[in-house]
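The values are calculated or read from the model by the stated rules, or taken from the named source; none is laboratory data. All values reported here derive from a predicted model rather than from experimental measurement. Every residue, glycine among them, receives a Cβ derived from its backbone with ideal geometry; neighbour counts consider all protein chains shown. Protein only, heavy atoms only, side chains kept; ligands, DNA and RNA dropped before computing areas. Shrake-Rupley method; radii C 1.70, N 1.55, O 1.52, S 1.80 Å.
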Amino acid sequence: FLDGYLVRPWAHERGRGGVAVWDVSTPCAPELVANVLDEQIRETHSTGLSRIGGRWIAVASLGGVQFWDVSDVTAPSMAFDLALEGVRYPDSYRHVVMSVFWQAPYLYVGASDNGIFVVDATDPTAPSVVGRWSAVPEFRIGQVIVIGNLLYAFSSEGSVAAVVDVRDPSAPRAIPGGRWSISNGETDRFDRPLPLPAYFGHVSGGYAYHPRIGIGGGLAIFDVRDPTNPTFAGDFDAPDGDGGYVFLKEGVAYVGLSDYGAAIDVTDPSAPELLMRFELTGDLDTVTPFGNVALVSVDDDAVDGQASAIVPVFEAVDRRGPTVNMVVPTDGATDQPLSTRVGLTFDEFVEMNSVWRGSVILREAESGRVVEAHLSGQEGVVSLWPTRPLSPATTYTLTVPAGGVTDLNGNPTTSTFRATFTTVACAE
């Protein structure tokens, strides 16, 4: 959502599509504002946003990633198509870009069997690859989510996920113990988790959410608050489903399960409960919540001319503001590198126009000096990247003031969030 408009990159997995912009201020009567076509755009699975030198989104293309200028959201234009080594089509899973995550100024690209590319996109009209990472043992990278100096890598239709240290974006490194097998909690006779495949995922509030595709479907939940020891937290079983994508809003997981969608209460991760089913003819993979409604989308052309529907979820208008439910580094952390970036997750998507230097603030605790930083966000994650290395042996305070950051309905945060961390005593 940008400037109150819904921005919808769309394309077939084999290319040809565009970026559509909708006015959904009246959800019962959405209006198409723009629909700019492109031959090379590919099914993108995620959309990154940066506001450095303008305003830009990043999406997948047949040979890599595209950068679109959305300074005027009603007239998007493709600015640059960056080719990435080994990325090619035709192939739906092995060699294509599956996801992007923009922790501005760097873009992280999940590229399936090609691993993860790190792209310096300070200037989106002249981006360049500065780093690359592949898992050992290898797994097919689907989704990547970056929170602070931690990157969460989810396999595409695989049963593996991992946490990666990206304090040096040019040289990502696996975190010892930070790899786990996705499961529904069942174990074999040796008490080892029985791995089940999943498709994409989400991280919020210290938990990773995996839409399962094995033995029917469901939602596996893992506690990742300790990145060196992710542990199973709970599972929702959907024997008639098959996993797609998942997003969180105020303790509810909105999951596409292919045959249908589901709103699942995950306020207690150990005992998730079904609240509502969503039905739409086709491969229903995506349910995106905003306000008291949800945008339900299919992944095929089962019904000619119909891809999405806006569905009411709650009768009451959404009056609740977003809440910070996770911060990296954790509050009180010590010996943090001078390259530390701060990552926050909120319990719902936030309006990025409300994320600015007055609503997400990093200061030196003793002097009160404000740290100049780039701010960006994606899918409920907000990133703060200092423009210069931090000072050694210094305590920093992160503040999200009450009344600053808002959700997509314009509801502001109701209380001030604060967290501190201290850097290492000397430069690394």
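Can you name the number of the only condition in (1) open to solvent by 10 Å² or more (accessible area, probe 1.4 Å); (2) modelled with pLDDT under 95 that Asp38 fails? Every condition holds for Asp38 apart from (2). Among the residues of the range 106-129, the ones that are closer than 18 Å to Ala153 by Cβ and open to solvent by less than 50 Å² (accessible area, probe 1.4 Å) come to 13 in all. When restricted to residues that are open to solvent by 50 Å² or more (accessible area, probe 1.4 Å) and touching a strand residue (DSSP E or B) at 6+ places or on another chain (Cβ under 9 Å), the range 309-331 contains 7.
Do you know which residues across the range 400-419 are surrounded by 16 or more Cβ atoms within 10 Å (Cβ to Cβ) and among the β-branched types (Val, Ile, Thr)? Even if it seems obvious, please write down each step before you answer.
So the first thing to find is which residues in the range 400-419 are surrounded by 16 or more Cβ atoms within 10 Å (Cβ to Cβ), and the list is 400-401, 404-409, 411-413, 417, 419.
Matches in the range 400-419: Val400, Val405, Thr406, Thr413.
Within the range 365-384, restricting attention to residues that are more than 23 Å from the chain's Cα centre (by Cα) and either at positive phi or not small (Gly, Ala, Ser) (or both), the residue that is most open to solvent (accessible area, probe 1.4 Å) is Glu366. Among the residues of the range 375-422, write down those that are among the small types (Gly, Ala, Ser) and assigned to a strand (DSSP E or B). Ser376, Gly377, Ser383, Ala419 - these are the residues of the range 375-422 that are among the small types (Gly, Ala, Ser) and assigned to a strand (DSSP E or B).
With respect to Thr387, is the statement that it is of a type in the set (Val, Ile, Thr) and within 24 Å of the chain's Cα centre (by Cα) true? Here the answer is yes, as Thr387 does meet what is asked. Residues being open to solvent by 20 Å² or more (accessible area, probe 1.4 Å), in contact with a Pro (Cβ under 6 Å, 6 or more places away or on another chain) and at positive phi are entirely absent from the range 240-255.
Do any strands (runs of 3 or more DSSP E) lying entirely in the range 1-52 carry at least 2 residues that are within 16 Å of Val96 (Cα to Cα), and which ones are they?
In the range 1-52, the matching strands (runs of 3 or more DSSP E) lie at 5-12, 15-23.
Kindly indicate whether any position in the range 287-307 is over 22 Å from the mean Cα position of the chain (by Cα), open to solvent by less than 30 Å² (accessible area, probe 1.4 Å), modelled with pLDDT of 95 or more and not β-branched (Val, Ile, Thr). Scanning the range 287-307, I find no residue that is over 22 Å from the mean Cα position of the chain (by Cα), open to solvent by less than 30 Å² (accessible area, probe 1.4 Å), modelled with pLDDT of 95 or more and not β-branched (Val, Ile, Thr), so the answer is no. Looking only at residues of the range 150-164 that are over 13 Å from Asp226 (Cα atoms) and in contact with a Pro (Cβ under 7 Å, 6 or more places away or on another chain), we find that the one that is surrounded by the most Cβ atoms within 10 Å (Cβ to Cβ) is Leu151.
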